[in-house]
1. For segment A:176-191, name all the residues that are over 22 Å from the mean Cα position of the chain (by Cα) and at the interface with chain B (Cβ under 7 Å from one of its Cβ atoms).
2. Tell me the residue from B:Ser49, B:Ser7 that is out of contact with any Cys (no Cβ under 6 Å at 6 or more places or on another chain), over 18 Å from A:Leu66 (Cα atoms) and among the hydroxyl-bearing types (Ser, Thr, Tyr), please.
3. Here's a check for you: in segment A:7-40, which residue that is outside any loop (DSSP other than H, G, I, E, B) and over 23 Å from the mean Cα position of the chain (by Cα) is farthest from A:Val255 (Cα to Cα)?
4. What single numbered condition from (1) within 12 Å of another protein chain (Cβ to nearest Cβ); (2) hydroxyl-bearing (Ser, Thr, Tyr); (3) more than 27 Å from A:Gly505 (Cα to Cα) fails to hold for A:Thr82?
5. Looking only at segment A:146-175, which residues are part of a helix (DSSP H, G or I) and either in contact with a Gly (Cβ under 6 Å, 6 or more places away or on another chain) or away from every other protein chain (no Cβ under 14 Å) (or both)?
6. Going by the structure shown, is A:Arg276 at pLDDT 95 or above and surrounded by fewer than 24 Cβ atoms within 10 Å (Cβ to Cβ)?
7. If you go through segment A:243-284, how many residues are over 28 Å from A:Gly190 (Cβ atoms) and in contact (Cβ under 8 Å) with a residue 12 or more places away in the chain?
8. Within segment A:438-471, how many residues are within 14 Å of another protein chain (Cβ to nearest Cβ), farther than 20 Å from A:Val95 by Cα and either touching a Gly at 6+ places or on another chain (Cβ under 7 Å) or not β-branched (Val, Ile, Thr) (or both)?
Amino acid sequence: MEWGLLVASLATVVVILAVLYRPLGDYMAWVFTTARDVAVERGLYRLIGVDPRSEQTWQAYLRSVLIFSFVGVVFLYLIQRTQQFLPYSLGLPPVPEGLAFNTAISFVTNTNWQGYSPELTMSYTTQFAGLAVQNFVSAATGIAVAVALVRGFAYRRSGTIGNFWVDLTRATFRILLPLSIVAAIILLAGGVIQNFAGFTTVDTIAGGSQVLPGGPVASQEAIKEIGTNGGGFFNANASHPFENPTAWTSILQVVLLLMIPFSLPRTFGRIVGDNRQGYAILAAMGVLALISFVALGAAEFAGRGTAPELAGSPMEGKEQRFGLVQSILYATATTLTSTGSVNSMHDSYTALGGMMPMINMMLGEIAPGGVGAGLYGMLIIAVIAVFIAGLLVGRTPEYLGKKIGPREIKLASLYILVMPILLLGGVALSFAIPGVRDDMEKTSIWNPGLHGLSEVVYAFASASNNNGSAFAGLTANTPWLNAALGVAMLLGRFLPIALTIALAGSLAAQDKVPVTAGTLPTHRPLFIGLIIGTAVLVTALVFFPVLTLGPLAEGLM
Amino acid sequence: MNTSLRSTSRTLGVAVRALLMFTVVLGIGYTLLITGIGQLLMPSQSNGSLVRDADGDVVGSSLIGQSFTDEDGDPLPEYFQSRPSAAGDGYDGGASSGSNWGPENRDLIAAITERKAAIAKFNGVSEDEVPADAVTASSSGLDPHISPEYAAIQIDRVAEARGVSADKVKQLVQQHTQGPDFGYLGESTVDVLELNLALDRLKG
């Protein structure tokens, strides 16, 4: 029965994504390849002072990404620190320095880690003029970087890889904004609120009183999912009935957050001129995702653990309208992408169930991953896979006609090292520094024993992969975690981006080598299997030890 | 000034202007557009699906759960009871939250044990009949729903406290039971506030 409903829900999502794959993917390919600017865009380019026809070298492209993101962090920090003077402050004080620093990085890096309770911390103006704006532009930045890498494969002997400002503007206004308007209106119809009413107190029929929150939620909810951001307007995120009122809005949000990442392989195939290459990447993503959905389903349906068995079902931290099935669907989708919004509390999942979101993130969020970030992450894995295959047969590896030489493989190798180092390093330091360890045990960790370690591992997995979901029992608003997770988010976002853009530059500069009998075809099942194997191998060996200390030990005891 | 510094400061200018432009269009323009559409076309949903009692006073939202307890926090027998809540002191709309207790957390195990016994006693049923949603806190702490199973074990108690027939209460519960969306998405639910409002109307 439960399995039947999970399969039916999953099939619904798959069918909608399949219908969207070609039109959305082709549309995005057109957006980033057309030479025509709309009149409004030409006005915008004049206003901000860029020439849309001039392409950038990879260094200039990267510099633009970094400077734009830096300005975003500064602006978001300032808006939080001055929110008491801005409209709709709700009487809230400025956000404290450490938390404002952490949150500014969190939203600019597309993470949306929230070390705070929004309704007690953030004014409406901070949310819609600060956080929601970054929800758009951080997502657009991710898409732009992915497109730059795809151009690296498509261009021949080119010194440039596109123009960041054009990619950013088009991703925002031609893709994210129209989709968000449509999605916000549908969410409104479902009951998501959109007002500026502040908090209202009502007298309840039982003779008590209750506070009801307001806020411009639907507008933010739409882009939060479409841009795989995930930052909740409320503390309970998408389990709050005002963010996600019904089971159908929940599955709609799952579709919204998977839609662009799963269509980008089509965009990739289109731009490199071979749709089969897109299908191969899509297939690798799809297989990994499917395994993950089934694994979490198995864990939660089995319901192992003292508390779930006592209650009869792992319903702690889950909403009645979603039940197990819609919670499993959402938890898997949100951690396979870089979204991190939740419709249930992952901290209260069964031990093995709670491990699955962690594994999804540790996989590097490539199946399908965040908007843009998932595609460039998966293409890096494909480059590694090509290299391994080349080693096996003793030929110079090539992918899409580009030689994967020493420079390319160095960049790709560095890329896959960044996240594990940040994740494991962060966890290790949290327990190795005596003062910090004390603070972790006394203040931050909420659940005792093995589960406490899981909370910390989850936090660093989430930050270094720019996911943003949490084992939310963890109190993260401490000097150490604000700083350490802030650094993990920053490096976890921009080191891979820098390496990706450098790779794009070095690929674009190459000519294409002709296909010969010895060329490994990169659209066949063999290569798809090779990508999947590489992805699992790269992560499984690294993270297995730490998982045995946390969720595996808790789940098997 | 060398070229790299000059191009960096030029890019900085572009970035600042771009972010300001995005803030105006996406932060303010987009938010106002959606607010306008919501307030004009869907005012009820936009303002939180508020529900009123017989006198027309707003008593809550059909989407946000409530406590039906007396001043001491004890459950009122004449009202259907909601799920346990970890939002503030219970159903605090200003502080949505789950408990975040892990599956082996001793506090959670103790709480479930205690709730199970209390609910069984309160409703005069055996502990085996108490469903999972009755003894677990929701994710938001504001879950407006309970399962039909939890509603079922409360019918006799509510009927007795109100002095109406159990059949009549049962009929109301059935009217307020909603199946899964499109027949297969999500679980069957009973909206507790709406059910309790209907009960109050029955009396008056």
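1. A:Ile185, A:Leu188, A:Ala189, A:Gly191
2. B:Ser49
3. Start the filter on segment A:7-40 by keeping residues that are outside any loop (DSSP other than H, G, I, E, B), which leaves A:7-33, A:39-40.
Still in the running and over 23 Å from the mean Cα position of the chain (by Cα): A:7-8, A:30, A:33, A:39-40.
On the way: A:Val7: 15, A:Ala8: 14, A:Trp30: 22, A:Thr33: 26, A:Ala39: 32, A:Val40: 30 Å.
Among those that are outside any loop (DSSP other than H, G, I, E, B) and over 23 Å from the mean Cα position of the chain (by Cα), it is A:Ala39.
4. A:Thr82 satisfies all of (1) within 12 Å of another protein chain (Cβ to nearest Cβ); (2) hydroxyl-bearing (Ser, Thr, Tyr); (3) more than 27 Å from A:Gly505 (Cα to Cα) except (1).
5. Residues satisfying the conditions are A:Ala146, A:Val147, A:Ala148, A:Leu149, A:Val150, A:Arg151, A:Gly152, A:Phe153, A:Ala154.
6. Here the answer is yes, as A:Arg276 does meet what is asked.
7. Here is the first cut: in segment A:243-284, the ones over 28 Å from A:Gly190 (Cβ atoms) are A:265-284.
Okay, now just the ones that are also in contact (Cβ under 8 Å) with a residue 12 or more places away in the chain, so A:265-274, A:276-284.
Selection size over segment A:243-284: 19.
8. Going residue by residue through segment A:438-471, those that are within 14 Å of another protein chain (Cβ to nearest Cβ) are A:444-459, A:469-471.
Filter once more, keeping what is farther than 20 Å from A:Val95 by Cα: A:445-459, A:469-471.
Subsequent filtering for residues that are either touching a Gly at 6+ places or on another chain (Cβ under 7 Å) or not β-branched (Val, Ile, Thr) (or both) retains A:445-455, A:457-459, A:469-471.
Total satisfying the criteria: 17.
The values are calculated or read from the model by the stated rules, or taken from the named source; none is laboratory data. Everything quoted here is computed from the prediction, not taken from an experiment. Every residue, glycine among them, receives a Cβ derived from its backbone with ideal geometry; neighbour counts consider all protein chains shown.
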